[in-house]
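Scroll down for the structure; my scribbles are underneath it.
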Amino acid sequence: MGVDIEIRPNANPVSAAERAALLVDPGFGRVFTDHMVTIRYAEGKGWYDARVEARGPIPMDPATAVLHYAQEIFEGLKAYHAADGGVTMIRPEANAARFRASAERMAMAPLPEDLFLDSLHELIKVDRDWIPTASEGSLYLRPFMYASEVFLGVKPSSEYLYVLIASPVGSYFKGGVKPVSVWVSEDYTRAAPGGTGAAKCGGNYAASLVAQAQAIEYGCDQVVFLDAVERRWVDELGGMNIFFVYADGTLVTPPLTGSILPGITRDSILTLARDQGLTVVERPYAYAEWQADTESGALREAFACGTAAVITPIGTVKSTRGEFVMGDGTAGPVTTDLRQQLVDIQRGRTPDRYGWVHRVF
């Protein structure tokens, strides 16, 4: 049986003038819309009490399970103003499927994928005036779910709360799209075989923060993690997948072996690259190989990718072994072209040959 989402409009929304002022320069993840979606789950009852309501604090008992055992997952996707005046998302069905997979890995009740999509539609419709119109602007959507049962004991929760909030955003990195510097962490790892690396759970990101702080200490924007077994193979950045571009146009990216998040942007790039005749290889890629091939000139570009930053070129690479610069330190042609192709599909400026565009209205 389907779950209907009740609409309860915010009685005190932000004024149009204040909203317009906030949208001039929203930054990333600092400004939020008037509403949120909440849906509850109870064992033996299923999903119920689905509603769009005024965004506000969530009451929580000190013994709520998530605070002690970290049963929590989330997603990230965006809504865009399309060239024809409508509003679209890109591949939200893939986010719905990954949300379900993350829930199953974390022993949580999976949210039906159609209900996930319905929640996105309803929130975007009620908060459509919050979608920025700037060239790099979008409405960032953050669905998340956590164990809401009040108990102390190591077992899967019998109750969950699904929440969807939205944030108007600009570029993920300050200063817009430009090459970032990365620190290759040899002290910390993000995920191990058999762990939760392929699940989008908060704990994976918490584990990355000390390494990210180390990267900043060394003057870098982001951290790159190596594998947890040999400390040799490149896995991914703290919150993004990674690609390497050779002089002959070949793209190399680490394979999905369970310790890397299966990025939806990553998958889209694989499709775009192959469709334009580029050779794409998914294989283990060593940090030593990265440095040697860059210094020899065989490797010309590297970039990170994810929902928040889309595609971001990598400029300088640092580690305890020294540092090197990708190409001439600027965004390379393959990186730039792939980013433009993806952004043009997102914004409806080019035909969608892949069925990725999901129209909200």
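Would you say Pro255 is surrounded by fewer than 22 Cβ atoms within 10 Å (Cβ to Cβ) and touching a strand residue (DSSP E or B) at 6+ places or on another chain (Cβ under 6 Å)?
yes
Residue under question is Leu342, and the condition is that it be touching a Phe, Trp or Tyr at 6+ places or on another chain (Cβ under 9 Å) and either at negative phi or surrounded by 15 or more Cβ atoms within 10 Å (Cβ to Cβ) (or both); does it hold?
For Leu342, the condition - touching a Phe, Trp or Tyr at 6+ places or on another chain (Cβ under 9 Å) and either at negative phi or surrounded by 15 or more Cβ atoms within 10 Å (Cβ to Cβ) (or both) - is not met.
Mind checking whether some residue in region 57-76 is among the polar types (S, T, N, Q), out of contact with any Cys (no Cβ under 6 Å at 6 or more places or on another chain) and farther than 26 Å from Gly239 by Cα?
For region 57-76, residues among the polar types (S, T, N, Q), out of contact with any Cys (no Cβ under 6 Å at 6 or more places or on another chain) and farther than 26 Å from Gly239 by Cα: present.
Just to be sure I understand, how many residues within region 14-43 are in contact (Cβ under 8 Å) with a residue 40 or more places away in the chain and open to solvent by 70 Å² or more (accessible area, probe 1.4 Å)?
4
If we keep just the residues of region 119-132 that are farther than 15 Å from Val31 by Cα and either in contact with a His (Cβ under 8 Å, 6 or more places away or on another chain) or at pLDDT below 95 (or both), which is most open to solvent (accessible area, probe 1.4 Å)?
Restricting to residues being farther than 15 Å from Val31 by Cα and either in contact with a His (Cβ under 8 Å, 6 or more places away or on another chain) or at pLDDT below 95 (or both), the top hit is Val126.
Which condition does Ala191 not pass, out of (1) at pLDDT 95 or above; (2) open to solvent by less than 30 Å² (accessible area, probe 1.4 Å); (3) part of a loop (DSSP other than H, G, I, E, B); (4) of a type outside the set (D, E, K, R), if it passes all the others?
Tallying (1) at pLDDT 95 or above; (2) open to solvent by less than 30 Å² (accessible area, probe 1.4 Å); (3) part of a loop (DSSP other than H, G, I, E, B); (4) of a type outside the set (D, E, K, R), Ala191 fails exactly one: (1).
Give the residues of region 194-206 that are crowded, with 19+ Cβ neighbours inside 10 Å and either at pLDDT below 95 or assigned to a helix (DSSP H, G or I) (or both), sorted by residue number.
Asn204
Output the number of the condition that Val223 fails; it satisfies all remaining conditions of (1) within 20 Å of Thr312 (Cβ to Cβ); (2) modelled with pLDDT of 95 or more; (3) in a loop (DSSP other than H, G, I, E, B).
(3)
Hey, can you tell me all the residues within region 148-178 that are in a loop (DSSP other than H, G, I, E, B), under 24 Å from Gly46 (Cβ atoms), more than 24 Å from the chain's Cα centre (by Cα) and at pLDDT 95 or above?
Glu149, Phe151, Lys155, Pro156, Ser157, Ser158
Might you let me know whether region 287-296 holds any residue that is among the aliphatic types (A, V, I, L, M), surrounded by 14 or more Cβ atoms within 10 Å (Cβ to Cβ) and at pLDDT 95 or above?
Scanning region 287-296 turns up no residue that is among the aliphatic types (A, V, I, L, M), surrounded by 14 or more Cβ atoms within 10 Å (Cβ to Cβ) and at pLDDT 95 or above.
Are there any pairs with C-beta distances below 6 angstrom linking a residue in region 262-287 that is under 26 Å from Ala97 (Cα atoms) to a residue that is basic (Lys, Arg), with the two at least 6 apart or on different chains, and if so which?
Ile264/Arg91; Val280/Arg274
Is it true that Phe324 is touching a helix residue (DSSP H, G or I) at 6+ places or on another chain (Cβ under 6 Å), touching a residue at least 60 places away in the same chain (Cβ under 8 Å), open to solvent by less than 20 Å² (accessible area, probe 1.4 Å) and not in a loop (DSSP other than H, G, I, E, B)?
For Phe324, the condition - touching a helix residue (DSSP H, G or I) at 6+ places or on another chain (Cβ under 6 Å), touching a residue at least 60 places away in the same chain (Cβ under 8 Å), open to solvent by less than 20 Å² (accessible area, probe 1.4 Å) and not in a loop (DSSP other than H, G, I, E, B) - is not met.
Just checking, does region 133-147 include any residue being more than 30 Å from Gln340 (Cα to Cα) and at pLDDT below 95?
For region 133-147, residues more than 30 Å from Gln340 (Cα to Cα) and at pLDDT below 95: absent.
All but one of (1) at pLDDT 95 or above; (2) in contact with a helix residue (DSSP H, G or I) (Cβ under 9 Å, 6 or more places away or on another chain); (3) open to solvent by 20 Å² or more (accessible area, probe 1.4 Å) hold for Gly239; state the number of the condition that does not hold.
So Gly239 meets the others, but not (1).
The values are calculated or read from the model by the stated rules, or taken from the named source; none is laboratory data. Being a predicted model, the structure only gives us computed values, none of them experimental. Ideal geometry is used to build each Cβ from the backbone, glycine not excepted, and the neighbour counts take in all protein chains shown. In case anyone asks, the SASA skips ligands and DNA or RNA and just uses the protein heavy atoms, side chains included. Shrake-Rupley method; radii C 1.70, N 1.55, O 1.52, S 1.80 Å.
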